[in-house]
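The values are calculated or read from the model by the stated rules, or taken from the named source; none is laboratory data. Quantities reported herein were computed from a predicted structural model and do not represent experimental measurements. Note: ideal-geometry Cβ built from the backbone for every residue, glycine included; neighbour counts use all protein chains shown. Just so you know, the surface numbers come from the protein's heavy atoms only, side chains and all, with ligands and any DNA or RNA stripped out. Shrake-Rupley method; radii C 1.70, N 1.55, O 1.52, S 1.80 Å.
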Amino acid sequence: MAKTRIVLHAGHGKTGTSAIQSALAISTDALLKNGIRYPIDPNERQRAARFEITSGNWKHNPTTSLSQQCLQLAASNSAGHTIVLSSESLFWHLTDFANQKDQWNDAVEVQVILAVRELEEMLSSEYQQRVKRHGESKPFEQFLRRRNFISSHHKKAAEVLERLSQQQIPVTLINYSRHKKTISERVFDAIECGELYPHDQMGNLVINRSLSQKELQMLMMINALYYDQFPWISARLSDALAKNLPNTETQRSRISPQSLEKLYQKNDEYLQIINSHLNPEEPLTVARTLEQDRKTKTPAKRLQNIRQEEEQSIRMISQTLLEALRNDPTQRLSNETIDTLIKTSQVEDTPAHVEVELLEIAKINRPQGQRLGQLLERAQMKKRQC
């Protein structure tokens, strides 16, 4: 009996998986006509095809191992299709799956597709996800210290790659940082269906982008002020930014030279292992190449674009925040929070537009405040003069 070919696209996280899964969902019918099955719930498929953030077509089942699931798929594959499974969660189950090769090897031919990302970039993106979704308000370096400067994704990727290699399980390994704009197409090529990639629908679409420095700073401040009372606020704002300003350039989170050096030293072993499996012309940055990697200068034109994008982001955050609070008048801020807003607005180096936005939010929640009204009028006048 012929083996069933199963392709496991295992992410890992923050390597374009949402876009890849949207492309797979859009192409499900075309793939099937060409002998490739992407089994997915119809509702999940519709959501992914609308470019909503989804988790792919594989879900962890605590009572059924990945090995058992693959065997079940192979047993029901009477048409002899190639079967594609995609989920970031697969990444964390690959070591056990490789260790159980003797259970599935007679029935299944497996190919793993895995993307990895530059260390600093990956941790910055992971940190930003906590700001966007979980109310994080502490600086990036505190986030790193809580993890002892270890990247769990790079540590696990090194382990997975070594084990897959030992078990002679084929892996297509992609440096996502080198191929961000074409990652979905490269996955389709790895599945051997590059001609089916939905170029027209995907275009240059960006799904669930990271934040710029200015956006990150503002969301951290808003989380510190509002998250306890409005736990939805950071997700609402970050979703509005991603949807309305999808092409805003993102930047690495700020980190001191000392912490940066420590970060690369702590993870050097894992990076070296990953690089031994990567295309030698596209390695990840390691400790000895770090200085060379960070020597690039920012052109003046790019700095101008960043400033323009910052202005757009500030307007979007202000508009979304005001609309959210106006639409929920029962959820008024506490007096302590309003006082903090006013105090923050009066800090000496607060930009004029930020001062106005903070005071406008305070005014919504304390409409009768005469002194607050005077501060707002003065701030608006100062903003007009800028």
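Going by amide H atoms built from the backbone, whose H comes under 5 Å of the H on THR172, apart from near neighbours?
Residues meeting the criterion, in which the H sits 1.01 Å from N, are VAL112, ILE113, LEU114.
Place a +1 charge on the Cβ of each Lys and Arg in the stretch 165-289 and a -1 charge on the Cβ of each Asp and Glu, then give the dipole magnitude about the Cα centre in debye, rounded to the nearest 20.
520
Charges on Cβ only, +1 for Lys and Arg, -1 for Asp and Glu, centred on the Cα centroid of the chain; of LEU90, THR172, GLN368, which one is farthest towards the dipole's positive end?
Working it through, the farthest residue towards the positive pole turns out to be GLN368.
Under the 0.36 nm per residue contour assumption, what length would be gained going from the current alpha-carbon distance of LYS343 and SER165 to full extension?
Gain in length upon complete extension: 58.3 nm.
Tell me which residues come under 5 Å, amide H to amide H, from THR4 once H is placed; ignore anything under 5 positions away on its chain.
Under 5 Å from the amide H of THR4 lie the amide H atoms of VAL108, GLU109, each far enough along the sequence or on another chain.
Using only Cα atoms, tell me the angle between helix 257-277 and the longest principal axis of the chain; keep it within 0 to 90° and round to the nearest 10.
The answer is roughly 20 degrees.
Over the stretch 11-116, consider all pairs of different Cα atoms and compute the Kirkwood hydrodynamic radius from their mean reciprocal separation; express it in Å, one decimal.
14.5
For ASN61 and ASN148, what is the calculated FRET efficiency with R₀ set at 41 Å and r taken between the beta-carbons, to the nearest 0.05?
Between ASN61 and ASN148 the formula returns 0.80.
Over the chain, give the accessible area per residue in Å² for a 1.4 Å probe, as an integer.
Per residue, the chain has 51 Å² of solvent-accessible surface.
Leaving ligands, DNA and RNA out of it, rank ARG145, ARG130, ARG288 by accessible area with a 1.4 Å probe, largest first.
ARG288, ARG145, ARG130
Hey, with R₀ at 30 Å, roughly what FRET efficiency would THR182 and GLN217 work out to, going by the Cβ-Cβ distance, to 0.05?
0.45
Under Stokes-Einstein, with the Kirkwood radius over Cα pairs standing in for Rh, what whole-number D in µm²/s applies to the stretch 59-119 at 10 °C and 1.306 mPa s?
It comes out at roughly 124 µm²/s.
In square angstrom, rounded to the nearest 10, how much accessible surface does ASP96 have for a 1.4 Å probe?
90
Grab the DSSP H runs of the chain that are 4 residues or longer, score each as -39,500 (n - 2.57), total them, divide by all residues and round the 222 nm result to the nearest 500 deg cm²/dmol.
-17000 deg cm²/dmol
Can you compute the charge dipole magnitude of the chain about its Cα centre, using +1 on each Lys and Arg Cβ and -1 on each Asp and Glu Cβ, nothing else charged? Give it in debye, rounded to the nearest 20.
Roughly 900 debye for the chain.
Please give the contour-minus-distance gain from THR95 to GLN272: 0.36 nm per residue of separation, less the Cα-Cα distance, rounded to one decimal in nm.
61.8 nm
Set the Förster radius R0 to 25 Å, insert the Cβ-Cβ distance between LYS138 and GLN312 as r into 1/(1 + (r/R0)^6), and round the FRET efficiency to 0.05.
0.40
With only alpha-carbon atoms counted, please give the Rg and Dmax of the chain, in Å.
24.0, 83
Which whole-Hz couplings ³J(HN,Hα) result when phi for each residue of the stretch 89-94 is put into the Karplus expression 6.51 cos²θ - 1.76 cosθ + 1.60, θ = phi - 60°, listed in order with x for Gly and Pro?
Once rounded to whole Hz, the list reads 5, 4, 3, 7, 10, 5.
Give me the mean projected area, in nm² to one decimal, of the convex hull enclosing the Cα positions of the stretch 118-248.
Over every viewing direction, the Cα hull of the stretch 118-248 projects on average to 10.0 nm².
Can you give me the Cα centroid spacing of the stretch 195-232 and the stretch 124-172 in angstrom?
The stretch 195-232 and the stretch 124-172 have Cα centres spaced 19 Å from each other.
Test of understanding: what is the full-extension gain from GLN229 to ALA352, defined as 0.36 nm times their sequence separation minus their Cα-Cα distance?
41.7 nm
Looking at the chain as a GNM with Cα springs under 10 Å, which of ARG236, ARG371, ARG45 has the largest mean-square fluctuation?
Most flexible of the set in this elastic network: ARG371.
Accessible area of the chain with a 1.4 Å probe: how many percent of it is carbon plus sulfur?
After summing per-atom areas, the C and S share lands at 45 percent.
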